[in-house]
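Here the structure comes first, spelled out in structure tokens, and everything after it is commentary.
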Amino acid sequence: MGFDECKEKRWKMRAVGSLMPAEILSESCYLNIESPDALEKSQGDTHRAHLLPAASESPILCVVKVAALNASGPNRGIVNELIGSHVAEVLKMPMPPRFGIIKITKRAAPDLPLWKRRPQLKGECLAWWSQLVNEKSTKARYNWDAFERFPDLRARILKDILAELESAGILADVIAFDDLVANVDRNIGNILGSKDSGFVLIDHDQCLGGNAWTPQSLDGRSLYANKLMNICLAMNQAASLGSRALAYYDRAQAVLPATLTRLAVLVENELAKPEIDAVNKFLLDRMELDHAASRFGLVA
């Protein structure tokens, strides 16, 4: 399926009220890089650009992220973002206003350094985009990097961050969401905003245990790293989190299974049917309450 056809299909899906807002954009939607001078640091793999999702709209400033290369096999980062965003949207997790996949070509973005660094791309690639959220990350807001040599201060900062997430009512939900999709890379750098402005979750390319999964490696009953939960445990801040996280699974079981068919449509251009079936089975297995309870230490 071509990108223009895929884009048309996505807009039809949105028009009939699909729960999946991810938008598939063609190269013509990529307008320009916000600041070519900023490319030297990121080398173009992650950069800001103006996109035009539809001709009737005004351009929007977005963060655009090209998947890195995996030496051992295909990089699943972009499809992981799709899967993670679908689950997050269905379960009403805080996400950027708009997001999706875009095809980038050298013709549309000739200034990107990655064309020289990665000639194997042959002048075109897929990237994940999300509308820029004008909020600092929690990491930046608490000036985390400035206290690298002060572990005691960092411990106090982490305690304050956990307290803020808890006060906002999302700590247990984020932990449960990361467990459900096996997101192994939640950190204070990919939680944007604050309690007052509202938190936003980004960067789900490490769902399903990482970006190099295969159908054979997906095991919905396995224990995957849950960084935020581990921080809570290390700081003795995990009281009642397990039971509250488990309540999240009650909500997931009520709404998520019915949307997996739509998820299959969303990823059909990126995954073969056996891979889609493996992802669906993985998510269904993750939702089993007895296994989820075991992962949260609520049963022996």
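The values are calculated or read from the model by the stated rules, or taken from the named source; none is laboratory data. Keep in mind that what you see is a predicted model, and the values were worked out from it rather than measured. Neighbour counts run over all protein chains shown; Cβ positions are idealised from the backbone, glycine included.
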* Tally the residues that are modelled with pLDDT under 95 and among the aromatic types (Phe, Trp, Tyr), restricting the search to the stretch 100-134. => 1
* Can you list the helices (runs of 4 or more DSSP H) found entirely within the stretch 49-157 that contain at least 2 residues being on the phi < 0 side of the Ramachandran plot and buried (at least 20 other Cβ atoms within 10 Å of the Cβ)? -> 77-90
* Asked: Only one of (1) at pLDDT 60 or above; (2) out of contact with any Leu (no Cβ under 9 Å at 6 or more places or on another chain); (3) assigned to a loop (DSSP other than H, G, I, E, B) fails for MET1. Which number is that?
  -> (1)
* Is it true that some residue in the stretch 152-170 is under 25 Å from GLY220 (Cβ atoms) and among the aliphatic types (A, V, I, L, M)? -> yes
* Residue list for the stretch 165-190, filter: outside any loop (DSSP other than H, G, I, E, B) and closer than 19 Å to PHE296 by Cβ -> LEU165, GLU166, LEU171, ALA172, ASP173, VAL174, ILE175, ALA176, PHE177, ASP178, ASP179, LEU180
* To do: Output the residue which, of all residues in the stretch 160-178 that are charged (D, E, K, R) and surrounded by fewer than 23 Cβ atoms within 10 Å (Cβ to Cβ), is farthest from ILE276 (Cα to Cα).
  => ASP160
